Amino acid sequence: MTPHEEEDVVLKLLHTADWHLGRDFPSFTEDGRRKLRHARTDVLEKVFAEAERNAVDAVLCAGDLFDEPAPSHDWSNALAQVLQKRKWTRPVFLLPGNHDPLVNDSVWRNQKFRDSLPSFVRVVEEELLECPLGDSAVLYAVPCRSKAGQEDPTRLIPPRVAGDNRIRIGLVHGSTFDAGDWQTNFPISRDAAVQRGLDYLAIGDTHGFRYVPPDRLIPPTIYPGAPEATAFDEVDPGHVALVFINRQRRAIVDKRRVAEWQWETITVKNLASLRALAARTDLTSRVIRLTVEMKLPAPEHQEAVRLLEELAGTEARHAKVGVLQLRAEGLALDVSNLGPQVDELPAVLKETVRRLQELAKAPDTREAAERALFHLLQATKA
Amino acid sequence: MRFSWVEVEWFKGIRSARVEFGPGLNILFGPNDLGKSTLSTAIRAALLLPPTSSAADGFKSWFVDEKATVTLAFIDDTEMHWRVKKTFGGSGGSQLWHSKDGQTWTANVKGREVEEKLRTLLPWGIRSPGGKGAPKGLPESFLSNALLGEQGQVDGLLRSGLDGDDAESGRLALTKALSSLAQDPLFKKVLNLAQSEFDRYFTERGTRRGGKSSEITKASDQVKKLQSDREVLQKSCEQVETLTQLAGRQREERATLATRLSAERERLTALTAEMERARAREGIAAMAQAIRAELQGIEALATRITSTEKAIAALETVHEASKTALDEARKSRGERAAAVEAARERLRSAESGDAVRKRELEAAQLETSRSKLREERQKIDARLQQVEQLQRESSALDAVRIEISKLDAEEGQLRSAQAVAAAAEKTLEQDVRLAESLVAYGRWRSASESAEAAARARTASKQCADEALKKEFEARQHETQAAELAQKSTGLLAGAISDDQFETLQSLARQIEVAEAALGGGVTVSVRPRKELRLRTAVDGRPAVDAGLLKGEHILEAERAVQLEIDELVELEVAAGAPEQRRNATELKKKWSDTASPLLQKAGVTSLEQLKSNRATAKSLADAAKDATAKAQQAKIAAESLRERSRLLGGQTGPSAEDLATKEARIGQLPREALAELFKSMGSSWETQAEDLRAHKAEELSELRKGRTETDRKHAEKSAQLAEAKRREATAEAELKGRRLSLGDGDLETLAKQLRAAQATNTSEQQRLEALAATRTSEANSDLEAARHGVTAAEAALVDQGNLVTAAEAKVAQTSHQLGEQSGVARALRQQLQDANKGAVEQRLQSVEEKLAALGPETSVTIQLIEMTEAGIERLSAEYAEADQAYQQTEGALALGGGPMAAERLRQLDEAILEAQAREHERTIDADAWKLLRDTLREAEQVESAHLGNALAIPVGTGFSELTKGKYRSVVFDPNLKAQSVVMDGVHESGDIVLEALSVGTKDQLATLVRVAVAKQLKSALVLDDQLVHTDGQRLDWFGALLRTVAGDCQLLVFTCRPQDYLRSGDLPKEEAMKDSGAIRAIDLARVMTGAPRTTAP
């Protein structure tokens, strides 16, 4: 944005969505699940710090703030505490999404939670909220009232009438026909912003930052994505959108990264790659799905096991990787090449090794025999 | 197995005795002849001898005639307590009880079954009593001799082996116990590790552990749980997908119906508009008709005016003619006056006779003609009078017709106004009814929604209450579970040691393992006897065993040390490894004995592994209890929340069914869909709007009705006037018609004219005749007469002419009057015509006709068509409502199902299942690997390791070597554990020769070493009765240390008269019967036995 454009800005907004507080990650280890759950609340500090640093006029939170309608009190308390730290007057709009719709037993109806929210926080409960943002702008927000629906939420926003020159902002949660193999939920027309006479349409649902439609037509419709990723296959998560709107009602969107964690999928097929991975210094803030596919002689195999232990950590040792999802079933021991260690073993153990090597040739017993040899070598290691 | 206590009554020289044993080393001391061996025998008899055996005859009391009774309590390897009581002599008797705690006993078996049970509990190679070939007397076996052997059985132990047993149970037990002795430390380490891991995953029988603590079960359970969750979610997703597809179809169906409905409504609107147009056209057409009638009236008026004007013109002609006739009459009167003068002249000339007669005849003829003319004239006059009367009446009739026409037009206007007002009234009535129905519908709908909301709330309340009950039940279950788990955990940890102590124990165990491993070096001692000699060997610090009488070479192999005692000639000790390491190992073992054993005892366990297992189980139980408590708390909170919700929902009430029915009845027959549409369009202020509409329409209706009453009144008045005029018209027409018939055909005017012409002709003829008569008189009467007559005639003619003048004047006056009358009529008619204002009427007609033209041609729309269309709309509306309801229901179900959320969860679960399956596979493979490793290790060991003899030779040889300070390096046993040889100073002696060569003391020591080794490996109690009596002090010290060490593994009962050989002075009881010092219990038998002289502690 040029200095001239900056001077011309009359409205600044921070647009975020899809916090998914309380989300569980059942495919990870207990420690990993704990870290990933807490990452979702930790990142909120950065989100609100970004709002503060840019002195935005309002914060728009476009739904799916909780992973389910009635999450554990821990997560609603955590959100309340993050908000309570702010001494703000700028409004923060919390919009119920399809994960946390405005249903009777939802967190939004929990009076204790609602009482704990500061006065500058506004939960969107009206069928259509129309709220002025200063003298020259107005916000229209439509909450989700169920987990699924086939009606476009923007249909409730009145179109611009002649003579209305205010900046008009929309805030809804839904899908813009990008849900892949699933039926579209709360479908939002691609040109909803144009149809409704909006200058910026803030939406939530998709976890990656995305312009809708992709040709970046004015006025913009934006998915800011989840501030912390929730899965390996998400494209460009970890951001918020800073929105600057000038006197001509033109909106300029600035994508800001807030995520602490970065998700990676890695496959190693040789020891050198594994060594290189273990030597990386940025692993503490990584969520890594590591697949190992290699067959190694005993000494190298032992080194690979050691390196994997370093990456994953043990009871006595911190893990190098922040959160590791290890798929090491592809790490095989080359039983025909067990190294000099076997030569030093007593006869009875040599006999044991020989027998296990034979068993490793049979498909039925291969895996168990290889693993048994591995245990034997580990137990007799000097 | 270990002994708890023994009670003896009337057993040989013992009157009674009760001894409670410690779990470790028990030194039972007393002087000679106190009955120590008797007590030992009693223990042996209790375990081995059937009470009816003849061998029990010698157990009879020396003092009284009582049957000897022994009661012995012991604890088996599974920590089950057993108590056996035998009464010897005569019929004898025996009974066995069992107990979990040694306090509360339950009878198990008695009589003969006691022996069988004992053989099972103590698998020592002794067959059950009875049957052919059963041994008589006290049964013996290698193990019974090794563990309970009497004094003097030393040689027997070294010379006999397992091949002398009459059952295989002893061999099996020893094979199991001794197999670990022959192992390489590294091998042992791996095997122990494999066994330990195997035990984690499998039961002793090799089946996979399935308890909650099993990692595989945990992993498998997790997979199952995730798969179950996935299955549920998958079903949900499938339902959602089905519902989504259904919703799509229903939405399309609804849209189609909506389009059709909209088209039908538009059609209805068009038809209704067409119908309205037709009605309006009808009204206007009626109006046009009335105006046309009015115009016709006006045209009739104009016609009458024309006819009146014609009549006036005719009258004027008549009048002019009359005036001409009057002028002629007046001229004729002048002429006749002149004629009178001429006649009077002629009279005077003609006053002669002939002339008088002729004149009289001619006068009579003329008079006849005149008479006829007069008659004719009378008839013409009468007829003319009739015609004129008819003309007057006809004019009056025309006036009546004009009046009728006017009245008819007015009545038509009023009738049209009535029709328009009626249509408007009907419309307004419909509007009022619609507004009333709308109000009623709104109220019914509000009530209905309230009722539905209340019903839903009640259903939800009940569901919440049911849910709350479930949650409360869950909470109670979790609480109960938590309490049970906590109790179990507490039970397992009762008397437990601290974490620090536990760590110390583990550390110490590891140190001992390391120290023992460090001693490994390997020693082979070959003993080659030059003559037969008895050899005792001890290997690797284990108790010495008697290798028997050696004849040939005897090789001893040891890891760390071999001790040999050859006869009583020489003791050899061969040791490997550094002395410091040996000392270190001994110290560590001592430390273990001093510190670990009491702690393990305190914890109620016999081994560190057992302690580890207990602690792990307790922790697992405590964690499970915490989980259960947390779940209970969560369930309580959930139940409370549900209760509150149920209460709130249950409190909602709605209107009654009667109220609803009443409200619904008020809606009337109007289509609900139309009402719903209107209701929806009014939004939230429907009630005010609907009430306003109803009031407004009602007011309009009231005003309309007032106006309509006035119109009706005027219409009735006009109708009455019209009827009266028509009556008059009819009457006049009837009369006119009757009289008209008598006048024949033709126009009255023409007739009148003809009559009047006839009158004139008649008059002229009369006048000519009169003149002619006068002429004739005048001529007939000659001059006089004719003259006179002429005079008279002339005078008469003059009079007549005067009359004619008068008549003409009258006629002129009459026609003048008639003209005046007709002119008046014409003026009135013209005034009427002017009043009627034909131009305005024509303008009105044009305007109305334009309106009519603008409304288009007549319509084909009928009420039936509109009703059919309305019925169609009603059907479509019902179909739409049904389709909409179905769609809303599906949408509602979809909203609950979660749609993409469920799919997202499914993806998460799929990933989690993959990971869990990988973990399960990993655990399974790991378990299988450990099992395979353990089994393969054992198989390899079977191939590689030596027989039982070699296994026993390790501890025995080591101990023997150590005991004899390396004199004897090792002891060789055959596979049946018969001592074969000892290896002494590189000489390998074998066979009985070697054993024979050993001194009695050394053989005793070797046998003791064997017995201790066997007891240690079997973890069984060992009874040593006056052993080592031929052993010097140094070796006794060594044995003392050995027994203290071994006491950590098994229970030892040492009967001795020299307690100082085993105990330090401080360990001896002074006033009390027994004293515990660590794992050692010193028992003064003199204090626990009666029937024997009291002794004092040495």
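The values are calculated or read from the model by the stated rules, or taken from the named source; none is laboratory data. The shown structure was predicted, so the numbers you read here are calculated from the model rather than taken from an experiment. Glycine also receives a Cβ, built like all others from the backbone with ideal geometry; neighbour counts cover every protein chain displayed.
So B:V545 fits all but one of (1) crowded, with 24+ Cβ neighbours inside 10 Å; (2) touching an Asp or Glu at 6+ places or on another chain (Cβ under 8 Å); what number is the exception?
All conditions pass for B:V545, except number (2).
Here is a list: A:V305, A:V321, A:V335. Which entry is away from chain B (no Cβ under 12 Å), surrounded by 16 or more Cβ atoms within 10 Å (Cβ to Cβ), closer than 24 Å to B:R923 by Cα and in contact with an Asp or Glu (Cβ under 7 Å, 6 or more places away or on another chain)?
Selected residue: A:V335, the only one of A:V305, A:V321, A:V335 that is away from chain B (no Cβ under 12 Å), surrounded by 16 or more Cβ atoms within 10 Å (Cβ to Cβ), closer than 24 Å to B:R923 by Cα and in contact with an Asp or Glu (Cβ under 7 Å, 6 or more places away or on another chain).
Taking into account only those residues within the stretch A:98-157 that are among the aliphatic types (A, V, I, L, M) and within 14 Å of chain B (Cβ to nearest Cβ), which is farthest from A:A192 (Cα to Cα)?
Within the stretch A:98-157, the subset among the aliphatic types (A, V, I, L, M) is A:102-103, A:107, A:117, A:121, A:123-124, A:128-129, A:133, A:137-139, A:141-142, A:148, A:156-157.
Those left that are additionally within 14 Å of chain B (Cβ to nearest Cβ): A:102-103, A:107, A:148.
On the way: A:L102: 23, A:V103: 26, A:V107: 29, A:A148: 19 Å.
The selected residue is A:V107.
Sort out which residues of the stretch B:1014-1027 are in contact with a helix residue (DSSP H, G or I) (Cβ under 6 Å, 6 or more places away or on another chain) and either surrounded by fewer than 21 Cβ atoms within 10 Å (Cβ to Cβ) or at pLDDT below 85 (or both), and write them in order of number.
Those that are in contact with a helix residue (DSSP H, G or I) (Cβ under 6 Å, 6 or more places away or on another chain) and either surrounded by fewer than 21 Cβ atoms within 10 Å (Cβ to Cβ) or at pLDDT below 85 (or both): B:Q1017, B:Q1027.
State yes or no: is B:E557 touching a strand residue (DSSP E or B) at 6+ places or on another chain (Cβ under 8 Å) and farther than 23 Å from B:D974 by Cβ? I'd like the intermediate steps shown before the answer.
Values: touching a strand residue (DSSP E or B) at 6+ places or on another chain (Cβ under 8 Å): yes; farther than 23 Å from B:D974 by Cβ: no.
No.
Out of B:S220, B:S214, I need the residue that is closer than 30 Å to B:R919 by Cβ, crowded, with 18+ Cβ neighbours inside 10 Å, over 20 Å from the mean Cα position of the chain (by Cα) and in contact (Cβ under 8 Å) with a residue 40 or more places away in the chain. Which one? I'd like the intermediate steps shown before the answer.
On the way: B:S214 fails: in contact (Cβ under 8 Å) with a residue 40 or more places away in the chain.
Criteria check complete, one pass: B:S220.
Does at least one position in the stretch B:954-969 carry a residue that is in a strand (DSSP E or B), more than 14 Å from chain A (Cβ to nearest Cβ) and either crowded, with 23+ Cβ neighbours inside 10 Å or at pLDDT 70 or above (or both)? Give the steps one after another, and end with the answer.
Here is the first cut: in the stretch B:954-969, the residues in a strand (DSSP E or B) are B:968-969.
Now narrow it down to the ones that are more than 14 Å from chain A (Cβ to nearest Cβ): B:968-969.
Imposing the further condition that a residue be either crowded, with 23+ Cβ neighbours inside 10 Å or at pLDDT 70 or above (or both) reduces the set to B:968-969.
Yes, that holds for at least one residue.
Go over the candidates A:R286, A:R354, A:R317 one by one and state the one that is within 30 Å of A:G238 (Cα to Cα), at pLDDT 90 or above and among the charged types (D, E, K, R). Can you show your working first?
Details: A:R354 fails: within 30 Å of A:G238 (Cα to Cα); A:R317 fails: at pLDDT 90 or above.
Among A:R286, A:R354, A:R317, only A:R286 is within 30 Å of A:G238 (Cα to Cα), at pLDDT 90 or above and among the charged types (D, E, K, R).
Can you name every residue in the stretch B:847-898 that is of a type in the set (V, I, T) and surrounded by 14 or more Cβ atoms within 10 Å (Cβ to Cβ)? Even if it seems obvious, please write down each step before you answer.
The first filter runs over the stretch B:847-898 and keeps only residues of a type in the set (V, I, T), leaving B:848, B:859, B:861-863, B:866, B:869, B:873, B:890.
Of everything in the stretch B:847-898, those that are of a type in the set (V, I, T) and surrounded by 14 or more Cβ atoms within 10 Å (Cβ to Cβ) turn out to be B:V848, B:T859, B:V861, B:I866, B:T869, B:I873, B:T890.
Checking the conditions here, which among B:Q222, B:Q227 is facing another protein chain (nearest Cβ under 10 Å), in contact with a helix residue (DSSP H, G or I) (Cβ under 8 Å, 6 or more places away or on another chain) and under 29 Å from B:E911 (Cβ atoms)? If you could, list the steps in order and put the result at the bottom.
Values: B:Q227 fails: facing another protein chain (nearest Cβ under 10 Å).
Every option except B:Q222 fails the conditions.
Can you find even one residue in the stretch B:927-936 that is buried (at least 20 other Cβ atoms within 10 Å of the Cβ), of a type in the set (S, T, N, Q) and more than 7 Å from every other protein chain (Cβ to nearest Cβ)?
no
Of these, B:V109, B:V84, B:V70, B:V114, which one is in contact (Cβ under 8 Å) with a residue 60 or more places away in the chain and aliphatic (A, V, I, L, M)? It would help to see each step written out before you state the result.
Numbers: B:V109 fails: in contact (Cβ under 8 Å) with a residue 60 or more places away in the chain; B:V84 fails: in contact (Cβ under 8 Å) with a residue 60 or more places away in the chain; B:V114 fails: in contact (Cβ under 8 Å) with a residue 60 or more places away in the chain.
None of the other options fit; the residue is B:V70.
Considering only the stretch A:320-333, state which residues are touching a helix residue (DSSP H, G or I) at 6+ places or on another chain (Cβ under 8 Å) and either β-branched (V, I, T) or more than 12 Å from A:L377 (Cβ to Cβ) (or both). Give the steps one after another, and end with the answer.
First, the residues of the stretch A:320-333 that are touching a helix residue (DSSP H, G or I) at 6+ places or on another chain (Cβ under 8 Å): A:320-329, A:331-333.
Hits for the stretch A:320-333 are A:K320, A:V321, A:G322, A:V323, A:L324, A:Q325, A:L326, A:R327, A:A328, A:E329, A:L331, A:A332.
For the subset of the stretch B:854-913 comprising residues that are farther than 30 Å from A:D67 by Cβ, touching a helix residue (DSSP H, G or I) at 6+ places or on another chain (Cβ under 6 Å) and among the hydroxyl-bearing types (S, T, Y), which member is farthest from the other protein chains (Cβ to nearest Cβ)?
B:T859
Here are some conditions: (1) under 30 Å from A:H73 (Cα atoms); (2) surrounded by 13 or more Cβ atoms within 10 Å (Cβ to Cβ). B:P655 meets all but one. Which one does it not meet?
(1)
Considering every residue within the stretch A:345-368, establish whether at least one is closer than 30 Å to A:F25 by Cβ, under 44 Å from the mean Cα position of the chain (by Cα) and more than 9 Å from chain B (Cβ to nearest Cβ).
Step one: list which residues in the stretch A:345-368 are closer than 30 Å to A:F25 by Cβ, which gives A:367.
Subsequent filtering for residues that are under 44 Å from the mean Cα position of the chain (by Cα) retains A:367.
Now narrow it down to the ones that are more than 9 Å from chain B (Cβ to nearest Cβ): none.
Within the stretch A:345-368 (the criterion being closer than 30 Å to A:F25 by Cβ, under 44 Å from the mean Cα position of the chain (by Cα) and more than 9 Å from chain B (Cβ to nearest Cβ)), the answer is no, since none of the residues qualifies.
Residues A:F93, A:F186: which one is among the aromatic types (F, W, Y) and on the phi > 0 side of the Ramachandran plot?
On the way: A:F93 fails: on the phi > 0 side of the Ramachandran plot.
It is A:F186.
Report yes if B:L1006 is modelled with pLDDT under 85, within 19 Å of B:A146 (Cα to Cα), among the hydrophobic types (A, V, I, L, M, F, W, C) and surrounded by 24 or more Cβ atoms within 10 Å (Cβ to Cβ), otherwise no.
Details: modelled with pLDDT under 85: yes; within 19 Å of B:A146 (Cα to Cα): yes; among the hydrophobic types (A, V, I, L, M, F, W, C): yes; surrounded by 24 or more Cβ atoms within 10 Å (Cβ to Cβ): yes.
Answer is yes for this residue.
Within the stretch A:348-377, how many residues are surrounded by fewer than 13 Cβ atoms within 10 Å (Cβ to Cβ) and touching a helix residue (DSSP H, G or I) at 6+ places or on another chain (Cβ under 7 Å)?
0
Farther than 27 Å from B:V432 by Cα, in a helix (DSSP H, G or I), out of contact with any helix residue (DSSP H, G or I) (no Cβ under 9 Å at 6 or more places or on another chain) and not aliphatic (A, V, I, L, M): which single residue out of B:R713, B:R727 fits that description?
Working: B:R713 fails: farther than 27 Å from B:V432 by Cα.
B:R727 is the lone residue from the list that is farther than 27 Å from B:V432 by Cα, in a helix (DSSP H, G or I), out of contact with any helix residue (DSSP H, G or I) (no Cβ under 9 Å at 6 or more places or on another chain) and not aliphatic (A, V, I, L, M).
Which residues, counting only those in the stretch B:467-481, are of a type in the set (A, V, I, L, M) and over 17 Å from B:S646 (Cα atoms)? Spell out how you get there, then give the answer.
As a first pass, look at the stretch B:467-481 and keep what is of a type in the set (A, V, I, L, M): B:468-469, B:475.
Hit for the stretch B:467-481 is B:A475, nothing else.
Among the residues of the stretch B:72-129 satisfying the criterion of being among the aromatic types (F, W, Y) and out of contact with any helix residue (DSSP H, G or I) (no Cβ under 7 Å at 6 or more places or on another chain), which is surrounded by the most Cβ atoms within 10 Å (Cβ to Cβ)? Steps first, answer last, please.
Our first condition is that a residue be among the aromatic types (F, W, Y); within the stretch B:72-129, this holds for B:74, B:82, B:88, B:97, B:105, B:124.
Now restrict to residues that are out of contact with any helix residue (DSSP H, G or I) (no Cβ under 7 Å at 6 or more places or on another chain): B:74, B:97, B:105.
Values: B:F74: 26, B:W97: 18, B:W105: 16.
Taking the candidates together, the pick is B:F74.
Got at least one residue in the stretch A:163-176 being farther than 28 Å from A:T230 by Cβ and acidic (D, E)?
Within the stretch A:163-176 (the criterion being farther than 28 Å from A:T230 by Cβ and acidic (D, E)), the answer is yes, since at least one residue qualifies.
State the number of residues belonging to the stretch A:234-259 that are acidic (D, E) and under 10 Å from the mean Cα position of the chain (by Cα).
2
Taking the stated definitions as given, is A:G208 part of a loop (DSSP other than H, G, I, E, B), under 18 Å from the mean Cα position of the chain (by Cα), more than 16 Å from A:V47 (Cβ to Cβ) and at pLDDT 90 or above? Before you say what the answer is, go through the steps one by one.
Details: part of a loop (DSSP other than H, G, I, E, B): yes; under 18 Å from the mean Cα position of the chain (by Cα): yes; more than 16 Å from A:V47 (Cβ to Cβ): yes; at pLDDT 90 or above: yes.
Criteria met by A:G208.
Which members of the stretch B:677-698 meet the condition of being surrounded by 15 or more Cβ atoms within 10 Å (Cβ to Cβ) and hydrophobic (A, V, I, L, M, F, W, C)?
Those that are surrounded by 15 or more Cβ atoms within 10 Å (Cβ to Cβ) and hydrophobic (A, V, I, L, M, F, W, C): B:L678, B:F679, B:M682, B:W686, B:A690, B:L693, B:A698.
Tell me yes or no: at least one residue of the stretch B:862-872 is modelled with pLDDT of 85 or more, within 53 Å of the chain's Cα centre (by Cα) and of a type in the set (D, E, K, R).
Yes: the stretch B:862-872 contains one or more residues that are modelled with pLDDT of 85 or more, within 53 Å of the chain's Cα centre (by Cα) and of a type in the set (D, E, K, R).
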